Amino acid sequence: MSSEVIAREVKRRRTFAIISHPDAGKSTMTEALALHARMISEAGAVHGKGSRKSTVSDWMEMEKARGISVSSTALQFNYASQVTDDDPEHPHVINLVDTPGHSDFSEDTYRVLTAVDAAVMLIDAAKGLEPQTLKLFQVCRHRGIPVITVVNKWDRPGQTPLELIDEISDRIGLIPTPLYVPVGIAGDYRGLLDRRTGEYIKFTRTAGGATIAPEELLDADAAEAADGDAWTAALEESELLGALGQDHDQEMFLAGQTSPMIFTSAMLNFGVRQLLEALVEFAPPPQSRESVDDDVREVTDPFSAVVFKVQAGMDSSHRDRLAYMRIVSGEFERGMVVTHAQTGKPFATKYAQAVFGRDRATVDTAFPGDVVGLVNAMALAPGDTLFLDPKVQYPPIPSFAPEHFSALRVTTADKYKQFRKAIDQLDAEGVVQVLRNDLRGDASPVLAAVGPMQFEVVTARMKAEFNVNSVIEPLGYSLARRTDAQSAPELDRQRGVEVFTRSDGAILALFSDKWRLQYIEREHADLLLEPLVAAAD
């Protein structure tokens, strides 16, 4: 395919992730976006537990039982903008990558952020910025990912718009530039004042928020007649923001200095269309990417892609393993034979699918920005590169610094073979980090995780997918440092320290607490002790 056609396809695409603290409404927002794109006819989320429905993007039994998202899912849909005058035959292509909300699974979210061009930072109107949101925003800033801020749950009591704007400015140095001002205080959400047109977008509730909320467009006089004081308050807030210079500037947004801001209720489907419009108008299309050799792969160059997630056990009737890849350059055609950069071996792409939760559809072609699932991709791991000549290899995805450590053992000896197979699979997927040393051997590997719920996923999946009962035994370590073969013997002799080799070859020293680490750093300054990515201490 010609580079002109690929460039046109790239221009249509927007690839983003939704990030936030748990319970801010990510899965609900994902469904609301799918509803507005006419992918589903009715929101499948009736939020709660027990016999109630779970969101269409969540598939694990644990996710359904606890009302949380553990695994990230990818969703592609077309959206014809009402603002940018899209050609109905060539609408925008939106690639939405939903991410785990629970902080225990932030490493999975980190991997997702390597595969997107923009992020939607979802904030609870009542709670404002929360720890997980702050942590993930720092990852976005580190990677240069522009952020659109969405204040969700405006249908419930919460802070004022100006309080939220000040909190974001003060705590993370990002200047919010609201595209709209809500009409009605938090808990009394009536509509939005469009700051660029001066018009009032008035919403009407639907039964249970299960369908798209009707919108009525009113001019200023009609708005004042309809919602007098609430409309006047919104006008005054908009004028104040203008006086402070908090209007959208595209260059500052792409530079990570400002963030377009929208007020929504995903549960009621209020403000969701406005978010879609902001994405297609302001979020950047896929860009070129640097390789490990500092070469630049342009989006119109021959095919290349990065694997950012590997997942198995998505369908109990099919014991397959799915690798999610983000296409970086060129056109992907199902069946093409590409090269796996890490091994130099050919890789056939006969089984390529788009996946959202349990739903799958065959993908025949795809372009930069798209996310494609490769089935039975046993040789692939997160961070791997696939390409057509000329050769390219993209930088690996760093692992998060683990903070919880446990030994894992099988309860019955006759299941040891299945136990080893399960460990290898979960390790390759990146569900946990697997550590080994000669003293403990392979019978009781040590698992390292960002959060303890990752251990629950391990034991649950071992039982469900391999029929293996296993036991987690917490260890008395709380932090890790990267070290080397020269430092390892001396570290192993220290009290409160144990040295392991991770499956990727990295040598890690585990410490009982930060005081033990500080003591050894002071007494043995010649030993290598490097912090890992996103270390908490």
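Just the residues that are open to solvent by 20 Å² or more (accessible area, probe 1.4 Å), part of a loop (DSSP other than H, G, I, E, B) and within 27 Å of I165 (Cα to Cα), please, taken from the range 208-246. Listed by number, the residues that qualify are D219, L244, G245, Q246.
Could you tell me how many of the residues in the range 354-383 are of a type outside the set (D, E), buried (at least 18 other Cβ atoms within 10 Å of the Cβ) and on the phi < 0 side of the Ramachandran plot?
15
Within the bounds of the range 363-376, is there any residue that is over 30 Å from N469 (Cα atoms), touching a His at 6+ places or on another chain (Cβ under 9 Å) and part of a loop (DSSP other than H, G, I, E, B)? No: zero hits.
Among the residues making up the range 268-303, those that are among the basic types (K, R) and over 25 Å from Y189 (Cα atoms) are R289, R297. Among residues of the range 324-336 that are crowded, with 20+ Cβ neighbours inside 10 Å, those with a beta-carbon under 7 Å from a residue that is among the small types (G, A, S) and assigned to a loop (DSSP other than H, G, I, E, B) at least six positions away or on a different chain give the pairs R326/A115; I327/G369. E163 meets the conditions (1) crowded, with 20+ Cβ neighbours inside 10 Å; (2) assigned to a helix (DSSP H, G or I) in every case but one. The failed one is (1). Evaluate the following for E456: is it at negative phi and free of Cβ contacts under 8 Å to residues at least 12 places away in the same chain? The answer is no for E456. Just so you know, in the range 451-487 the residues that are in a helix (DSSP H, G or I) and basic (K, R) include one that is least open to solvent (accessible area, probe 1.4 Å), and it is R461. Yes or no: the range 433-444 includes at least one residue that is out of contact with any helix residue (DSSP H, G or I) (no Cβ under 7 Å at 6 or more places or on another chain), in contact (Cβ under 8 Å) with a residue 12 or more places away in the chain and crowded, with 21+ Cβ neighbours inside 10 Å. Yes, that holds for at least one residue.
Being open to solvent by 40 Å² or more (accessible area, probe 1.4 Å) and over 14 Å from S478 (Cα atoms) is the filter; apply it to the range 496-517 and report the residue that is farthest from the chain's Cα centre (by Cα). The extreme case among them is T501. A count restricted to the range 247-267 and to residues that are assigned to a loop (DSSP other than H, G, I, E, B) and open to solvent by 20 Å² or more (accessible area, probe 1.4 Å) stands at 7. Within the range 187-204, residues that are on the phi > 0 side of the Ramachandran plot and in a loop (DSSP other than H, G, I, E, B) reach partners that are open to solvent by 50 Å² or more (accessible area, probe 1.4 Å) and of a type in the set (D, E, K, R) with beta carbons closer than 6 Å, at six or more positions or on different chains, in the pairs G187/R156. Specify the residue that is farthest from Q425 (Cα to Cα); the eligible residues are those in the range 318-349 that are assigned to a strand (DSSP E or B) and among the small types (G, A, S). That would be S329.
Scanning the range 420-474 for residues that are touching a strand residue (DSSP E or B) at 6+ places or on another chain (Cβ under 8 Å), among the aliphatic types (A, V, I, L, M) and under 15 Å from F400 (Cβ atoms) yields V432, V434, L435, L447, A448, A449, V450.
Considering the range 270-284 alone, what residues qualify as being in a loop (DSSP other than H, G, I, E, B) and either charged (D, E, K, R) or surrounded by fewer than 22 Cβ atoms within 10 Å (Cβ to Cβ) (or both)? Quick ask: steps written out before the conclusion?
Residues of the range 270-284 that are in a loop (DSSP other than H, G, I, E, B), as a first pass: 271, 283-284.
Across the range 270-284, the qualifying residue is only P284.
Can you tell me which condition K64 does not meet? The list is (1) assigned to a helix (DSSP H, G or I); (2) touching a Phe, Trp or Tyr at 6+ places or on another chain (Cβ under 9 Å); (3) of a type in the set (D, E, K, R); (4) modelled with pLDDT under 85, and all the others hold. Failed condition: (2).
Would you mind stating whether D442 is under 18 Å from P398 (Cβ atoms), modelled with pLDDT under 95 and within 34 Å of the chain's Cα centre (by Cα)? Here the answer is no, as D442 does not meet what is asked.
In this structure, P402 does not qualify as open to solvent by less than 10 Å² (accessible area, probe 1.4 Å), outside any strand (DSSP E or B) and at pLDDT 95 or above.
If you go through the range 335-363 and keep only what is charged (D, E, K, R) and either under 25 Å from the mean Cα position of the chain (by Cα) or modelled with pLDDT under 90 (or both), you end up with R358, D359, R360.
Just wondering, is there one or more residues in the range 414-430 that are over 29 Å from T30 (Cβ atoms), of a type in the set (A, V, I, L, M), open to solvent by less than 60 Å² (accessible area, probe 1.4 Å) and not in a helix (DSSP H, G or I)?
No, because not a single residue in the range 414-430 is over 29 Å from T30 (Cβ atoms), of a type in the set (A, V, I, L, M), open to solvent by less than 60 Å² (accessible area, probe 1.4 Å) and not in a helix (DSSP H, G or I).
The values are calculated or read from the model by the stated rules, or taken from the named source; none is laboratory data. Bear in mind the structure is a predicted one, so any value in this text is a computation, not a measurement. In this analysis, Cβ positions are derived from the backbone assuming ideal geometry, glycine residues included, and neighbour counts consider all displayed protein chains. The area values use the complete protein model at the heavy-atom level, side chains included, leaving out ligands, DNA and RNA. Shrake-Rupley method; radii C 1.70, N 1.55, O 1.52, S 1.80 Å.
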